[in-house]
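Below is one structure, written out as structure tokens, with a few remarks after it.
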Amino acid sequence: MSEPVLKVENLRKEFGGLVAVKDVSFEVGPGEFVGLIGPNGCGKSTTFNCISGLLDQTTGTVEIFGKDASTMRPDQIQNLGFTRTFQHTRLWRQMTVIENLLVPPREQFKPNPLKAILQSSSRPEEKERLTRAYDVLDQLEVPHMAHNLASELSGGQSKLVDIGRSMMGDPKLLLLDEPVAGVAGPLALKIFNNLRQIVDDTGISVLIIEHNMDFILRQGVDRIVVMNEGEILMVGTPDEVRSNREVIEAYLGAAGDDSGGEEE
Ligand SMILES: Nc1ncnc2c1ncn2[C@@H]1O[C@H](COP(=O)(O)OP(=O)(O)OP(=O)(O)O)[C@@H](O)[C@H]1O
Ligand SMILES: [Mg+2]
């Protein structure tokens, strides 16, 4: 098997007396579309925060392409090709969609935000970035939104633009934290289909947090990591997850009630 893009081993994160993530291990391979799922507060976003360098884990390791990234800063991890979105979308509201794509993500601002913005707009490859931004909007099938103000977008459209922004630097792995939460059914479906297409077309990997088990089981991910109370309950294909009694008992029964965007 080819080298994993991401390898998380025995990851543990404590906040004071609270153990948010308990010895979590899993891998994401090249060109894989992997779901990370589990009930509220089970440690999904904390796992993302440790992978992307925003939090220092208490113990355990994060490897990126076989390289120990456990103590790297967010900008260093970004430079290795990992980009992420946040559970709460962070667009620049008074900028247009295309401008939002051109501004580097906030984690890249170190050490000087103003310098990062000025540099990004004066580099010779500015034109290439603009072309790339339009290509990304094409890939997400929303080229018509290029000149809309971010403040005019619906929640679902904002999430799409946020995904677009994470795709700007030709990432190797996209970490998406609930990109379809609260998004209406048809748009949520479109986002999943687009992601599947992007994975197939470009060979990048995607790790997506999705709260609604019912939704993620049916929308084309290759494997699912199921977390519960900070631990990994199982890792398997959608079929394997669907037929795992432990998962059904711990989680699946409640999943149908959630607002993950599924529409009948
Ligand atoms: N910075 C923090 N300081 C203290 N506790 C935290 C912090 N971040 C998260 N936690 C706690 O860690 C646990 C896991 O939180 P986390 O946000 O990772 O869950 P989640 O699986 O992403 O949940 P949700 O589905 O609601 O987004 C929760 O009990 C949460 O309150
Ligand atoms: Mg979360």
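Here, each number is a calculation from the coordinates, and none is a lab measurement. The shown structure was predicted, so the numbers you read here are calculated from the model rather than taken from an experiment. Reconstructed Cβ throughout: ideal geometry from the backbone, glycine too, with neighbour counts over all protein chains shown.
So here's what we get for this one:
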read-out	value
Cα-based shape type of segment 1-99, given that a ≥ b ≥ c are square roots of the gyration tensor eigenvalues and the cut on a/c is 1.5	oblate
Added length on full extension, which subtracts the Cα-Cα distance from 0.36 nm per residue, residue 61 to residue 128	20.5 nm
Ranking of 98, 37, 204, 248 by count of other Cβ atoms within 10 Å, fewest first	248, 98, 204, 37
Backbone N within segment 18-58 under 18 Å of label point (7 Å from residue 231 Cα along the Cβ vector)	18-26, 37-44, 47
Rounded, prolate or oblate (a/c below 1.5 giving rounded, otherwise prolate when a/b exceeds b/c) for segment 127-175 by Cα gyration tensor	oblate
Along each principal axis, Cα extent of the chain, largest first, Å	54, 44, 38
Evaluated at q = 0.15, 0.19, 0.21 Å⁻¹: base-10 log I(q)/I(0), Debye formula over Cα of segment 166-236	-0.52, -0.83, -1.00
Percent of beta bridges antiparallel (DSSP, the chain, rounded to nearest 5)	55 percent
Segment residue 75-residue 23, length gained on full extension (0.36 nm per residue, minus Cα span)	16.2 nm
Computed lengthening from residue 248 to residue 54, 0.36 nm per intervening residue step minus Cα-Cα distance	66.6 nm
MRE, 222 nm, helices only [DSSP H, n ≥ 4, -39500 (n - 2.57), over the chain, to nearest 500]	-9000 deg cm²/dmol
Contact order relative to length of the chain, as percent, for alpha carbon pairs under 8 angstrom and 6 or more apart	26 percent
Segment 150-198 - Rg (one decimal) and Dmax (whole number), Cα, Å	10.7, 30
